[in-house]
C-alpha cells in the first residue's frame with residue numbers, strides 16, 4: 001500500500017513540517033502544540049512553517065488531508081473484485097492494517113472525532129466524502145446493494161472502521177483485567193448498523 005507520508009514530497013520541508021505536525025497533534029492535541037514546536041520537531045524555522053501553511057489552521061488542514069490520504073490509499077489498495085462481502089471485508093482489513101501500522105493516524109483521528117470543536121468537523125466531512133465516493137462506486141458496479149439507502153451504507157462503513165479504532169483501548173484494558181491463563185485470542189469488536197424500517 002502506498003504510504004502517503006513517504007511520497008517524493010517528503011524530501012521537502014513542507015512535507016516534513018506536515019508530518020511533524022501530525023505526530024505532535026496526535027500525541028498532545030492541536031491546542032497544546034505551537035507552530036514553534038512543530039518547527040523545532042521538523043528541524044526548520046518558524047518562518048518557514050508560516051511561509052508554507054500561513055496559520056495553524058492551514059497546518060491542521062494539511063494534516064487532515066494527509067489522514068484522508070491514508071484512508072484513501074488503504075481503501076484503494078483493494079480492487080473492487082469479488083462478492084460485496086469479500087470487498088467490504090478486504091477494505092475493512094486494509095484500513096485496520098493501515099491503522100495498526102500508523103499509530104499517529106489512530107491517535108489523531110481519535111482526538112479529532114472525540115473533540116467537539118467545530119474545526120474538527122472538517123476531517124469528519126472529508127472522510128464522509130471519501131466514503132460516499134467509495135460506496136457510490138460499489139453501488140454503480142453492483143458490489144453494494146442498491147436496495148439499502150446510500151446514507152445507511154456510508155454510516156455503516158464509518159462506524160465499522162471507527163468503532164474499532166475508538167473502542168480498542170477500552171477492549172484492551174478490559175481484556176487485560178479479565179483474561180484467564182487459558183484464554184487465547186482477545187475478542188474482536190464487531191459492529192452492525194441496522195436500517196430503521198420505521
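So which residues in segment 33-75 are without any contact (Cβ under 8 Å) to a residue 12 or more places away in the chain and under 21 Å from the mean Cα position of the chain (by Cα), if there are any at all?
58
Taking the options 116, 187, name whichever one is under 24 Å from residue 60 (Cα atoms), part of a loop (DSSP other than H, G, I, E, B) and either modelled with pLDDT under 85 or touching a strand residue (DSSP E or B) at 6+ places or on another chain (Cβ under 9 Å) (or both).
Answer to the check: 116.
Would you mind finding the one in 93, 41 that is in contact with a helix residue (DSSP H, G or I) (Cβ under 7 Å, 6 or more places away or on another chain) and either in a helix (DSSP H, G or I) or crowded, with 20+ Cβ neighbours inside 10 Å (or both)? Please lay out each step first, then the result.
Numbers: 93 fails: in contact with a helix residue (DSSP H, G or I) (Cβ under 7 Å, 6 or more places away or on another chain).
Criteria check complete, one pass: 41.
Can you pull out every residue in segment 148-167 that is out of contact with any helix residue (DSSP H, G or I) (no Cβ under 8 Å at 6 or more places or on another chain) and more than 17 Å from residue 88 (Cα to Cα)?
167, the sole residue that qualifies.
If you take the residues of segment 64-81 that are part of a loop (DSSP other than H, G, I, E, B) and in contact with a helix residue (DSSP H, G or I) (Cβ under 7 Å, 6 or more places away or on another chain), which of them is modelled with the lowest pLDDT?
80
If you scan segment 133-167, which residues turn out to be over 19 Å from the mean Cα position of the chain (by Cα), in contact (Cβ under 8 Å) with a residue 24 or more places away in the chain, surrounded by fewer than 18 Cβ atoms within 10 Å (Cβ to Cβ) and in a helix (DSSP H, G or I)?
Hits for segment 133-167 are 137, 152.
The values are calculated or read from the model by the stated rules, or taken from the named source; none is laboratory data. Remember, it's a predicted structure, so these values are computed and weren't measured experimentally. Neighbour counts are summed over all protein chains in view; Cβ atoms, including those assigned to glycine, are modelled from backbone coordinates with ideal geometry.
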